Amino acid sequence: MSSTEPMIADELQAPTAPPVSQGRLIWKRFLSNKIAIVSAILFILILLFSISAIGIGPIHGWWKYDFKELNDQVKQGVPTAEHPFGQDRIGKDYFALVMRGIQNSVLVMVIIGAIASIVGVVVGAIAGYFRGVVDAILMRITDVFIVIPALVVGSVVGHWTGGLGAPTLALMLGFFSWMGIARLVRGEFLSLREREFVEAARVAGASDMRIIFKHILPNAIGVVIVSSTLIMAAAILLETALSYLGYGIRPPDASLGLLISSNQSAFQTRPWLFWWPGAFIVTLALLVNFVGDGLRDAFDPRHRRFNLRKMREEEPEPGEGDGGSRKTGAAIAEDVL
């Protein structure tokens, strides 16, 4: 027995590293995106802060003023220690109004994203899997909805349901926001339905619905999640525009867009009535977009951002590699792009 045989036997018996699941790889890539992580944390903190401040439903928060409560104006409504965000023209505490606006805007954003994702996934999955006549009919219906401007549809829906509260408005708007995600899911299904694992499931006797939702959809979940976050970012801006035009959430309730609309005549005299809702609108939309970018990079590493410093650090020294050849920075940049 040669001396190398025990070494080979030891290597064969050595435990191998456990395989890393796809979900863990995606989570690791997402955690490596610092901007997305910070954005997600800030978004959650803003939402929790607004809920803890004025409460939610029958639960009261730590802030002593209610967003519906009328108070005596202090120093003509300018920000003070008693009212840090100031007061509106009828004496309501503006901090409580802004916190309520954040709650409603986030609620609308989440409901629209959820409804649009569910409807879009179902329509896109059925169209992409069955193709033919089914695909043609569903895509023509999608084309009819997609050519109508979202603001026009939202204005009509808001006129009917705006007075019923934020959940009803968001629910109806969600049924008119699914077209983009439906097209993306359809494209994914057209590609994935030709893969070997789908043929194997078909041969094994799996039903069409099981193949769609059990085998193909998990492989297209990256497109669904990323598209959902982008829909949510657009939803908060749509709600803001509708409330500004008077077709969104209506008093005595509050939203960030409604606060700007209600106080537009006071822009010159009391500009702080615009600073706070405007700042939170921009902040929330940016945070959701950053999270969406991070999810996109996590699910599809091909979309990773170009990092010049990292490229230079990974560039081999002269004499290393194949025959001392070395790629220039421009060549590496071309490979990355």
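The values are calculated or read from the model by the stated rules, or taken from the named source; none is laboratory data. On a predicted model such as this, the values are computed, not experimentally measured, just so you know. For neighbour counting, all protein chains shown are included, and Cβ atoms are generated from backbone atoms with ideal geometry for every residue, glycine included. Ligands, DNA and RNA are stripped out before the accessible areas are found, and what is left, the full protein with its side chains, is counted by its heavy atoms. Shrake-Rupley method; radii C 1.70, N 1.55, O 1.52, S 1.80 Å.
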Residues that are exposed (fewer than 15 other Cβ atoms within 10 Å of the Cβ), at pLDDT 85 or above and of a type in the set (Val, Ile, Thr): find the helices (runs of 4 or more DSSP H) completely inside the range 107-177 holding 1 or more of those. 132-146
With 250, 202 as the choices, which residue is among the charged types (D, E, K, R) and touching a Gly at 6+ places or on another chain (Cβ under 7 Å)? 250
Considering residues of the range 186-197 that are part of a helix (DSSP H, G or I) and open to solvent by less than 80 Å² (accessible area, probe 1.4 Å) only, the residue farthest from residue 220 (Cα to Cα): 197
The range 207-251, residues that are more than 18 Å from residue 278 (Cα to Cα), open to solvent by 30 Å² or more (accessible area, probe 1.4 Å) and hydroxyl-bearing (Ser, Thr, Tyr): 207, 247
Residue selected from the range 30-67 under the condition small (Gly, Ala, Ser) and surrounded by fewer than 16 Cβ atoms within 10 Å (Cβ to Cβ), by the criterion farthest from residue 94 (Cα to Cα): 32
Go through the range 245-282 and give me each residue that's in a loop (DSSP other than H, G, I, E, B), polar (S, T, N, Q) and more than 24 Å from the chain's Cα centre (by Cα). 263, 268, 269
Filtered residues of the range 50-78 (kept if of a type outside the set (S, T, N, Q) and touching a residue at least 40 places away in the same chain (Cβ under 8 Å)): 51, 53, 54, 56, 67, 68, 77, 78
Output the number of the condition that residue 169 fails; it satisfies all remaining conditions of (1) in contact (Cβ under 8 Å) with a residue 12 or more places away in the chain; (2) farther than 27 Å from residue 289 by Cα. (2)
Is one or more of the residues making up the range 198-206 open to solvent by 70 Å² or more (accessible area, probe 1.4 Å) and not in a helix (DSSP H, G or I)? yes
Identify all residues within the range 68-85 that are open to solvent by 80 Å² or more (accessible area, probe 1.4 Å), under 26 Å from residue 250 (Cβ atoms) and of a type in the set (D, E, K, R); write none if there are none. 68, 72
Take the residues in the range 258-286 that are open to solvent by 30 Å² or more (accessible area, probe 1.4 Å) and touching a Lys or Arg at 6+ places or on another chain (Cβ under 9 Å); name whichever of them is modelled with the lowest pLDDT. 265
Yes or no: the range 56-64 includes at least one residue that is among the charged types (D, E, K, R) and assigned to a helix (DSSP H, G or I). no
Can you say whether residue 131 is in contact (Cβ under 8 Å) with a residue 12 or more places away in the chain and of a type in the set (Lys, Arg), as far as the supplied structure shows? yes
